[in-house]
Amino acid sequence: MNTAEPWRRWWPRSVRTRTALAVASTAAAILVAIGWWLHRDVYRQSTQFAVDQARAPLLALADQLREGKIPSRRSAVPYEVVATGRSTAVASGGGMDVFAPTSPHVLPAPPRLSEPVVTDSGWYYEQRTIRIPERRDEPAGRFDMGGGTYAVLSTDIWAGELSSTGAANLGVAPDATLRVHVVVLPRATEAITNSVNSLLLRAGLVSLVLISAITYFTVRIALRPVEAIRVATASVTPGDPRERVSVPATGHEITSLATTMNTTLQRLDDAAARQRRFIADAAHELRSPLTTLLTSLEVALAYPERTDWPTAVTTAARQTRRLQTLAEDLLLLARLDARAPTAGRGPVDLAALVHQLTERYEQPPDRTVALTTDTTGPAYVHGRPDDYERLLRNLVDNATRHAASRVQVTVRNQDQQVVLSVHDDGPGVPAENAEHVFERFVRLDDARSRDRGGTGLGLPIARELAHHHRGTLLLVPSDTGACFHLRLPHAPPPTEERAPRLLPDPLEKPRNGRS
């Protein structure tokens, strides 16, 4: 059991679902960040609102004390008035009246601010966050002020500012200082924050559902052309590769995909057509020598006493050699088609290879053709000597087959390239057939004779060999005859003092008993 990828069992395979989940996850992260920021901002603003709401009762209590009045125990906010020199509260209310008058101060005295807040009327007040200890003797069901952290507003009043009757009513000494504490209730702040949090949670969930649904259907609509392309390409068969996909007129990436797919299908169609044509041409080329060979053998077997056996055997041998040559050419083309272009081995002196090929070249049996070479020095290229020998032999064979009396092979070094030209004085090739001659199994009208003409694979093999050595082979215009130009990248000469021999010398004797 494969435990390396357990997530694939539950991870959705659909692109639409994956995209919707990815967008929903990203949106959830963004919404959580925004919600947290809104929560903090709403809490801060609601707290400031509660402080502003508690400031008015604080100033009202201060005014009542200055007038010598004892504040009422009924108040919208909890408050407590303490005086220096007393251990009990002077007055309390707003829910703090549940404590006994002799109880210690509920609100401890906060530290004084260095810069108190001054109101428009000239009074100042202080704001501090105070931890109020829990009171175990608090009656159940009443105002809870124990065990929490609260914001407290406070202001000081000098007893000398009060009237004599006011100080007596409050029971404070004339030189005492009264401090009024007003507790900022967090209930409104918490209620507002909880409401906003609930609203944000519902809005976030609805937003995530909507974003996921919109993303899912948007991707689904966007992928419809891709599905159409898939259906169209799935219907392509080897017997009918002419199916094409519809190209949207929108100009986006789907259009590029459809265009690329049509181009690929066209290349496959062209390759299939070339393969069918190649197979048909190969079958046609094989049929003729096989028919001739079979006919001659059947006639010889049917009339053995009247058969010229040397002639029959010569004919069979000639057709067998032709079949062998054609099979070798077909195998070579198959290997060239399957092999990636590489420089291969090297370096190879192309000039020396031309000279050796010229010295050993066999003249046609029906006529004499002068084969001459023109080189200015070594011309090194990358590759295998056997490949270059086959390439040169194909070019020379083609030139000799169509030449009237002379074939010229020239090798030059030009601009980091080696240029080899094979020029004959034959009838030449029309300009419109300059590329047609490199097609497989192609014979022009003046080369249709199977006695003199080849199989139609010599020039295609030569061009394929040139391409596999990063070179080019072209038929260039010429005043007389046909001229083929081969261009190959120049290679540095070998470091050895004497380059290895390119072709085996049949006259050289084996050394040390080894051949």
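What the table below lists for this structure:
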read-out	value
Test: residue in the range 283-292 that is surrounded by fewer than 12 Cβ atoms within 10 Å (Cβ to Cβ), under 30 Å from E243 (Cα atoms) and not hydroxyl-bearing (S, T, Y)	yes
Residue satisfying condition, being within 23 Å of L323 (Cβ to Cβ) and at pLDDT 85 or above, within set E435, E439, E389	E389
Residue count, the range 481-495 (criterion: under 15 Å from V409 (Cα atoms) and not charged (D, E, K, R))	6
Where G346 falls short, out of the listed (1) loosely packed, with under 15 Cβ neighbours inside 10 Å; (2) in contact with a strand residue (DSSP E or B) (Cβ under 8 Å, 6 or more places away or on another chain); (3) modelled with pLDDT under 80	(1)
Some residue of the range 249-258 being touching an Asp or Glu at 6+ places or on another chain (Cβ under 7 Å) and open to solvent by 60 Å² or more (accessible area, probe 1.4 Å)	no
Sole exception among (1) assigned to a helix (DSSP H, G or I); (2) open to solvent by 60 Å² or more (accessible area, probe 1.4 Å) for A273, by number	(2)
Any hit, the range 265-277, residues being closer than 30 Å to R16 by Cα and out of contact with any Asp or Glu (no Cβ under 6 Å at 6 or more places or on another chain)	yes
Filtered residue count, the range 186-212, keeping only those that are in contact (Cβ under 8 Å) with a residue 60 or more places away in the chain and within 14 Å of L21 (Cβ to Cβ)	3
Hits in the range 455-487 (condition: open to solvent by less than 10 Å² (accessible area, probe 1.4 Å) and assigned to a strand (DSSP E or B))	L473, F484, L486
Any hit, the range 40-48, residues being open to solvent by less than 20 Å² (accessible area, probe 1.4 Å), of a type outside the set (D, E) and closer than 30 Å to G160 by Cβ	no
Sole residue being touching a helix residue (DSSP H, G or I) at 6+ places or on another chain (Cβ under 6 Å) and under 24 Å from V476 (Cα atoms), chosen from N394, N413	N394
Criterion violated by G85 - all others in (1) in contact with a strand residue (DSSP E or B) (Cβ under 8 Å, 6 or more places away or on another chain); (2) modelled with pLDDT under 75; (3) closer than 15 Å to R179 by Cβ satisfied	(1)
Number of positions in the range 60-90 that are surrounded by fewer than 18 Cβ atoms within 10 Å (Cβ to Cβ) and β-branched (V, I, T)	3
Residue count, the range 349-374 (criterion: over 16 Å from D387 (Cβ atoms) and either open to solvent by less than 60 Å² (accessible area, probe 1.4 Å) or under 54 Å from the mean Cα position of the chain (by Cα) (or both))	12
Selection from the range 488-515 of residues that are open to solvent by 40 Å² or more (accessible area, probe 1.4 Å), part of a strand (DSSP E or B) and modelled with pLDDT of 50 or more	P489, H490
Only one of L205, L257, L268 that is under 30 Å from A29 (Cβ atoms) and either part of a helix (DSSP H, G or I) or not β-branched (V, I, T) (or both)	L205
Filter pass, R112 being in a loop (DSSP other than H, G, I, E, B) and at pLDDT below 65	yes
Matching residues, the range 146-158, being modelled with pLDDT of 75 or more and open to solvent by less than 40 Å² (accessible area, probe 1.4 Å)	A151, V152, L153, S154, T155, D156, I157
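The values are calculated or read from the model by the stated rules, or taken from the named source; none is laboratory data. Keep in mind that this is a model prediction, so the values were computed, not measured. Every residue, glycine among them, receives a Cβ derived from its backbone with ideal geometry; neighbour counts consider all protein chains shown. What goes into the accessible areas is simple: the full protein's heavy atoms, side chains included, and nothing from ligands, DNA or RNA. Shrake-Rupley method; radii C 1.70, N 1.55, O 1.52, S 1.80 Å.
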